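Take a look at the structure below.
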Amino acid sequence: MKVTAAITGVSHYVPDYILTNEILETMMDTNNEWIMARSGIAERRILKDKDKASAFMAAESAKKLLAKKNLSPLDIDLIIVATVTPDYQYPATANIVADMIGATNSWGFDVQAACSSFIYALNAATKFIETGAHKRVMVIGSDKMSSIVDYTDRTTSILFGDAAAAVLLEPTTDGTGILDSKMYVDGSGQKSLYQPAGGSLIPSSIESVTNKQHFVSMDGQAVFKIAVIKMADVAAEMMERNNLKAEDVAFLVPHQANKRIIDATAKRMQIGMDKVMMNIEKYGNTTSATLPLCLSEWESQLKKGDNLILTTFGAGYTWGGIYLKWSY
Ligand SMILES: CC(C)(COP(=O)(O)OP(=O)(O)OC[C@H]1O[C@@H](n2cnc3c(N)ncnc32)[C@H](O)[C@@H]1OP(=O)(O)O)[C@@H](O)C(=O)NCCC(=O)NCCS
């Protein structure tokens, strides 16, 4: 029997503080109607604690997952953290998370592919399970987007929020689990959405701070135009490659960047919005956390054998799709 990687548990952590559109109206020249109509976002969570960041949120979601599965942190073989807002440039956030939760038998690393970080990390994690290298791999998406967002820029700050969510992968031979994946990258889009400074090309300096180069820089329209096509394309590709018709798909699990991009993807797949996991209204774009956060919030509605299509589009450009059969 073929060994596949099954998601056997999922959990999430969101900070308590809610930044509503109404609060944003008091901070900049924007309004609830514009934000709702253009993005579908009503509110987002913000991690206010100055001494806490992505590793903290990742560790909280991991601890909840271990408790739910009645597992010891010592049972985990590998932790992969998907993030664009690591606590530090180095060491990797995964190391810090392993230390925070006491996973001393685990090794770990981070994956950075902007809004596609989680799907890339999940795809990589399946290989450690399928080859038999590991029995339990935790994949965590965690981003403190509020740490790189300029709250005087109305074109970007309205979109993003903070969150983390974790999945556990284990081997199975029952025909469920991650069955197909396709990842893409197109580096020609690198400057449409990026964080200009803080890397080795433009190291941190007084000028880089003065010029606000450590914040998200985005050409929203350019990103929208390609995202709306590529996220739908890869979702359709997943269906075609696996002979899935609209009625075979239990849920689309799309990256939550803009409600209009999600609507277009569902339309292309010819599925109703009742089959789309969408919580963008409550959380905005939480970058690496969006997909597992959806899985965690919809967990109680899922049953073994359900066909799910996961899709993302992100900076870089990066995009990808995963087809899986839910395992429990
Ligand atoms: C950012 C985004 C919501 C903007 O929506 P849009 O329909 O493209 O809006 P535009 O950028 O064309 O702006 C239209 C007008 O609204 C204004 N505007 C921009 N942000 C605003 C805000 N928060 N409130 C009110 N008005 C705003 C603009 O200044 C512009 O005004 P103008 O016509 O007088 O110049 C949209 O482009 C988008 O979602 N892009 C993709 C983002 C994305 O997916 N990022 C993550 C990828 S993983």
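The values are calculated or read from the model by the stated rules, or taken from the named source; none is laboratory data. As the structure is a computational prediction, the values presented were derived from the model and not from experiment. For neighbour counting, all protein chains shown are included, and Cβ atoms are generated from backbone atoms with ideal geometry for every residue, glycine included. Only protein heavy atoms, including side chains, enter the accessible area calculation; ligands, DNA and RNA are left aside. Shrake-Rupley method; radii C 1.70, N 1.55, O 1.52, S 1.80 Å.
Determine whether ALA246 is within 14 Å of the ligand (Cβ to nearest atom), aliphatic (A, V, I, L, M) and open to solvent by less than 50 Å² (accessible area, probe 1.4 Å). Walk me through it before giving the result.
Working: within 14 Å of the ligand (Cβ to nearest atom): no; aliphatic (A, V, I, L, M): yes; open to solvent by less than 50 Å² (accessible area, probe 1.4 Å): yes.
The answer is no for ALA246.
Give the range 275-286 a look and list any residue that's under 12 Å from the mean Cα position of the chain (by Cα) and part of a loop (DSSP other than H, G, I, E, B), or say none.
GLY284, THR286
Of these, ALA257, ALA289, which one is within 12 Å of the chain's Cα centre (by Cα) and open to solvent by 20 Å² or more (accessible area, probe 1.4 Å)? Before you say what the answer is, go through the steps one by one.
Numbers: ALA289 fails: open to solvent by 20 Å² or more (accessible area, probe 1.4 Å).
Every option except ALA257 fails the conditions.
Inspect all residues belonging to the range 37-50 and state whether any of them is part of a helix (DSSP H, G or I), without any contact (Cβ under 8 Å) to a residue 12 or more places away in the chain and either within 17 Å of VAL14 (Cα to Cα) or of a type outside the set (Lys, Arg) (or both).
yes
So which residues in the range 210-232 are among the charged types (D, E, K, R), in a helix (DSSP H, G or I) and in contact (Cβ under 8 Å) with a residue 40 or more places away in the chain?
Hit for the range 210-232 is LYS230, nothing else.
Could you pull out the residue among ASP87, ASP77, ASP153, ASP110 that is of a type in the set (D, E, K, R), at pLDDT 95 or above and touching a His at 6+ places or on another chain (Cβ under 6 Å)? If you could, list the steps in order and put the result at the bottom.
Details: ASP87 fails: touching a His at 6+ places or on another chain (Cβ under 6 Å); ASP153 fails: touching a His at 6+ places or on another chain (Cβ under 6 Å); ASP110 fails: touching a His at 6+ places or on another chain (Cβ under 6 Å).
None of the other options fit; the residue is ASP77.
Which one is farthest from the ligand (Cβ to nearest atom), of the residues in the range 224-243 that are within 19 Å of the chain's Cα centre (by Cα) and open to solvent by less than 20 Å² (accessible area, probe 1.4 Å)?
Within the range 224-243, the match that is farthest from the ligand (Cβ to nearest atom) is MET238.
How about the range 77-124: which of its residues are hydroxyl-bearing (Ser, Thr, Tyr), away from the ligand (no atom under 16 Å from the Cβ) and open to solvent by 30 Å² or more (accessible area, probe 1.4 Å)? Break it down into steps so the answer makes sense when it comes.
First, pick out the residues of the range 77-124 that are hydroxyl-bearing (Ser, Thr, Tyr): 83, 85, 88, 90, 93, 104, 106, 116-117, 120.
After this cut, where a residue has to be away from the ligand (no atom under 16 Å from the Cβ) as well, the list is 88, 90, 93, 104, 106.
Hits for the range 77-124 are TYR88, TYR90, THR104.
For the range 65-87, how many residues meet the condition of being under 19 Å from the mean Cα position of the chain (by Cα) and free of Cβ contacts under 8 Å to residues at least 60 places away in the same chain?
Of all residues in the range 65-87, those under 19 Å from the mean Cα position of the chain (by Cα) come to 65, 78-87.
Cutting the leftovers down to free of Cβ contacts under 8 Å to residues at least 60 places away in the same chain gives us 86-87.
Residues that pass the stated criteria total 2.
Restricting the range 1-36 to residues that are assigned to a strand (DSSP E or B) and within 16 Å of the ligand (Cβ to nearest atom), which is farthest from LYS69 (Cα to Cα)?
Residues of the range 1-36 that are assigned to a strand (DSSP E or B), as a first pass: 4-13, 17-20.
From the residues that got through so far, the ones that are within 16 Å of the ligand (Cβ to nearest atom) too are 19-20.
On the way: LEU19: 32, THR20: 34 Å.
Checking each candidate, the answer is THR20.
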